[in-house]
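Take a look at the structure set out below.
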Amino acid sequence: MAIYNFTVTVTTQYLEEQSQPEKNQFVFAYTIHIKNSGDVAAQLISRHWIITDSHNKVHEVQGLGVVGHQPFLKPGEAFEYSSGSSIETAQGSMKGSYFCVAEDGHRFDVAIPEFVLSLPRTLH
């Protein structure tokens, strides 16, 4: 039986030079590493993000591809990209999913594990 799976890892960074805390604007960069850890080649078609600040204000983003790409990954191949998000508080989180289609036509979702957006040294 075919295994359809992508593994997603994330690193984040606070962008102090682009943020304006006095205006409640905190900008974060994140780098996503996506690896086809299944045994069937598949293409990432679209993304769905749920971005939540520390006041529980939720913003959802959906769209085709990632940073203008719809990578096709053979088993073992990986794709990495960087993007960013702005929230109104010094802490928040992001999670979501990618919609993928395998070369055999099977459609599946890949969960993007929740990750924290936070200024350095603000977590207790």
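For V116, state whether it is modelled with pLDDT of 95 or more, closer than 30 Å to M1 by Cβ, assigned to a strand (DSSP E or B) and among the β-branched types (V, I, T). It is false that V116 is modelled with pLDDT of 95 or more, closer than 30 Å to M1 by Cβ, assigned to a strand (DSSP E or B) and among the β-branched types (V, I, T).
Within the stretch 66-88, can one find any residue that is under 21 Å from T11 (Cα atoms) and touching an Asp or Glu at 6+ places or on another chain (Cβ under 6 Å)? Checked the stretch 66-88: at least one residue is under 21 Å from T11 (Cα atoms) and touching an Asp or Glu at 6+ places or on another chain (Cβ under 6 Å).
For the stretch 42-55, the set of residues classified as surrounded by 14 or more Cβ atoms within 10 Å (Cβ to Cβ), farther than 11 Å from F6 by Cβ and over 16 Å from the mean Cα position of the chain (by Cα) consists of S54 only. Identify all residues within the stretch 91-100 that are surrounded by 17 or more Cβ atoms within 10 Å (Cβ to Cβ), over 11 Å from the mean Cα position of the chain (by Cα) and under 19 Å from H69 (Cβ atoms); write none if there are none. Within the stretch 91-100, C100 is the sole residue that qualifies. Just one of the listed residues (E80, E17) is touching a residue at least 12 places away in the same chain (Cβ under 8 Å) and acidic (D, E), namely E80.
For every residue, the table says whether it meets (1) without any contact (Cβ under 8 Å) to a residue 12 or more places away in the chain; (2) surrounded by 14 or more Cβ atoms within 10 Å (Cβ to Cβ); (3) small (G, A, S).
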| residue | (1), (2), (3) |
| --- | --- |
| K35 | no, yes, no |
| K57 | no, no, no |
| G68 | yes, no, yes |
| V110 | no, yes, no |
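Restricting to the stretch 20-33, and then to whatever is without any contact (Cβ under 8 Å) to a residue 60 or more places away in the chain and within 17 Å of L119 (Cα to Cα), can you tell me which residue is surrounded by the fewest Cβ atoms within 10 Å (Cβ to Cβ)? The qualifying residue surrounded by the fewest Cβ atoms within 10 Å (Cβ to Cβ) is E22.
Answer yes or no: is there a residue in the stretch 42-50 that is hydroxyl-bearing (S, T, Y) and in contact (Cβ under 8 Å) with a residue 60 or more places away in the chain. Walk me through it before giving the result.
The first filter runs over the stretch 42-50 and keeps only residues hydroxyl-bearing (S, T, Y), leaving 46.
Still in the list and also in contact (Cβ under 8 Å) with a residue 60 or more places away in the chain: none.
For the stretch 42-50, residues hydroxyl-bearing (S, T, Y) and in contact (Cβ under 8 Å) with a residue 60 or more places away in the chain: absent.
Just checking, does the stretch 82-89 include any residue being surrounded by 13 or more Cβ atoms within 10 Å (Cβ to Cβ), in contact with a helix residue (DSSP H, G or I) (Cβ under 6 Å, 6 or more places away or on another chain), at pLDDT 95 or above and part of a strand (DSSP E or B)? For the stretch 82-89, residues surrounded by 13 or more Cβ atoms within 10 Å (Cβ to Cβ), in contact with a helix residue (DSSP H, G or I) (Cβ under 6 Å, 6 or more places away or on another chain), at pLDDT 95 or above and part of a strand (DSSP E or B): absent.
The values are calculated or read from the model by the stated rules, or taken from the named source; none is laboratory data. Predicted, not measured: the structure shown is a model, and the values here were computed from it. Neighbour counts run over all protein chains shown; Cβ positions are idealised from the backbone, glycine included.
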